Structures are given as structure tokens and as C-alpha cells.
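Here is the structure we will look at.
The values are calculated or read from the model by the stated rules, or taken from the named source; none is laboratory data. Keep in mind it's a predicted model, so treat the numbers as computed, not measured. We place every Cβ from the backbone using ideal geometry, glycine too, and count neighbours over all the protein chains shown. Note: areas computed on protein heavy atoms with side chains; ligands, DNA, RNA excluded. Shrake-Rupley method; radii C 1.70, N 1.55, O 1.52, S 1.80 Å.
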Amino acid sequence: MQKQWSAIDSYIESHLVPNDPMLVHAVDNTQAQGFPEHLAVAPNQGMLLQMLIQMNQCKRVLEVGTFAAYSTLWLARALPANGYLLTIEGREKHATLALENIQHAQLAVPIDLKVGMASEVIKALPEDTEPFDFIFIDADKQSYPEYLELSLKLSHPGTIIVLDNVIRAGDILDQDNHKPSIEGIREMYQLMHNHPQLLSSTAIQTVGSKGHDGFAIAIVK
Ligand code: DHB
Ligand code: MG
């Protein structure tokens with residue numbers, strides 16, 4: 001099935017996803033330096049993130065988990081020049097790669113890359129930090145419940161929170177799988193369920209070049 005999913009993603013991309021040189025460069029640079037490419041979102045998923053931002057005319061975006069900044073560039077690409085994007089990466093090596101890709105892109109919107117444990121970076125943000133309009137959580141899955149709670153503190157009514165990799169090829173249903181990442185995702189579902197600060201939440205499973213996985217999405221009340 002993987003072969004067909006990838007072929008269909010290529011078909012979708014060749015028709016609907018523009019071949020932006022800065023995005024192509026980010027993927028090529030990531031590959032050239034020997035980093036695993038599968039950690040990044042697929043191009044058509046990047047486009048979906050961009051469209052969610054456009055639909056809601058978001059200006060301030062927070063990303064938790066930068067990796068190579070491929071999704072960062074999709075998020076930033078959708079923002080007006082007076083927007084702002086804060087992205088947080090825990091690993092120095094990934095942050096160095098991300099910075100290269102961000103600098104090469106030369107986007108007008110300011111992109112702030114902070115390096116450190118996301119929970120600590122978020123807790124260290126100034127008291128008067130304005131809330132974000134859109135939050136993309138794509139870091140260590142073990143900490144998803146914590147990232148969701150911290151995101152709510154940085155939200156306003158209507159903020160959209162998207163979390164990547166919430167299906168993991170069905171591992172979330174495997175009762176014998178007690179990996180911290182999988183437990184973290186299950187706990188995230190528990191937390192979202194009837195959360196008093198969320199207006200609505202759902203998850204969508206996806207298949208494609210990145211295998212069988214999915215996004216969760218929530219709107220803040
Ligand atoms: C992994 C992490 C991701 O965020 C992703 O999109 C795919 C895979 C991982 O850690 O394996
Ligand atoms: Mg991911």
C-alpha cells in the first residue's frame with residue numbers, strides 16, 4: 001500500500017502543490033546533510049497547514065518542534081509581513097539545520113527560532129507575550145499532553161491547535177504498546193476529550209508518502 005500512497009501523494013503534489021524553490025532547498029539540504037527526511041510533513045500536508053492559516057487569517061504562529069524548519073516555512077509562507085512565527089527546537093543539530101533553511105528562504109515575516117526544551121522555553125516567555133492564533137505541535141510525542149496545556153495558556157478564543165502524528169500507523173490502539181510516545185498521544189486524546197477550554201476537537205487519519213498517521217485539531221473556546 002505504501003507504494004500507492006506515495007504515488008498518489010506525488011500525483012496530488014504535481015497538480016496542486018507549487019514547487020517553491022525555498023521548500024525544495026530545505027528538503028534537499030536536509031537530505032544532503034544526512035538527516036532523516038521522514039520527520040518532516042509531506043508537501044501536501046504543509047499546504048494544508050498553510051491553508052488553515054489563510055482560512056483564519058492568522059498572524060501569530062507558534063510551532064513546537066522545528067526539526068529542519070520545513071513545516072516552519074509552510075507556516076511562515078502563509079503569514080503577512082506584519083505576522084510573527086516562534087518555533088522551538090530541542091536539539092542543537094536540528095536547530096542549526098533549521099536556521100540554515102530559514103535564512104536561505106529570506107521570508108519577510110519574522111521567524112524566531114528558540115533552542116531548548118519546549119516546555120522550558122514556553123514557561124520562560126515574557127508574561128506579556130501576546131496569544132498565538134495558530135499553534136502547531138510536532139515535537140516529542142511523549143510531551144503532547146503538556147504541550148497542549150501550555151498551548152492553551154498562550155491561546156485566545158478561536159486559536160487553532162494542530163498536533164501531528166496522532167495515529168502512528170495504529171499503534172495508539174495496540175494495547176501492548178507502552179512506548180512513552182504512544183502513551184503520550186493516548187493521554188493527549190484523554191485530555192482533549194471534553195476539555196473545558198476547547199470548543200471542538202477531532203483527529204483525521206492520513207495515508208501518503210509519510211505512511212499512515214494523522215493530525216489532531218482543536219479550536220480554543
Ligand atoms: C517522527 C516524528 C514526526 O514528527 C513525524 O512527523 C514522523 C516521525 C518520529 O519521531 O519518528
Ligand atoms: Mg511530525
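Does region 155-166 hold any residues that are more than 11 Å from ligand 1 (Cβ to nearest atom) and open to solvent by less than 20 Å² (accessible area, probe 1.4 Å), and which are they?
THR159, ILE160, ILE161, VAL162
If I filter region 55-71 for residues that are part of a helix (DSSP H, G or I) and under 15 Å from the mean Cα position of the chain (by Cα), do I get at least one hit? Explain how you work it out, then say what you get.
Let us first name the residues in region 55-71 that are part of a helix (DSSP H, G or I), namely 55, 70-71.
Right, trim to under 15 Å from the mean Cα position of the chain (by Cα) and you get 70-71.
Looking through region 55-71, at least one residue is part of a helix (DSSP H, G or I) and under 15 Å from the mean Cα position of the chain (by Cα).
Considering every residue within region 5-14, establish whether at least one is open to solvent by 30 Å² or more (accessible area, probe 1.4 Å), of a type in the set (Phe, Trp, Tyr) and within 16 Å of SER209 (Cα to Cα).
Looking through region 5-14, at least one residue is open to solvent by 30 Å² or more (accessible area, probe 1.4 Å), of a type in the set (Phe, Trp, Tyr) and within 16 Å of SER209 (Cα to Cα).
What number of residues within region 23-69 are open to solvent by 70 Å² or more (accessible area, probe 1.4 Å) and of a type in the set (S, T, N, Q)?
Result for region 23-69: 5.
Looking only at residues that are in contact with a Ser or Thr (Cβ under 9 Å, 6 or more places away or on another chain) and open to solvent by 40 Å² or more (accessible area, probe 1.4 Å) in region 117-142, which one is nearest to ligand 1 (Cβ to nearest atom)?
If we filter region 117-142 for residues that are in contact with a Ser or Thr (Cβ under 9 Å, 6 or more places away or on another chain), which is where we start, we get 117-119, 122, 131-142.
Now narrow it down to the ones that are open to solvent by 40 Å² or more (accessible area, probe 1.4 Å): 117, 131, 140, 142.
Details: MET117: 16, PRO131: 24, ASP140: 8, GLN142: 10 Å.
My answer is ASP140.
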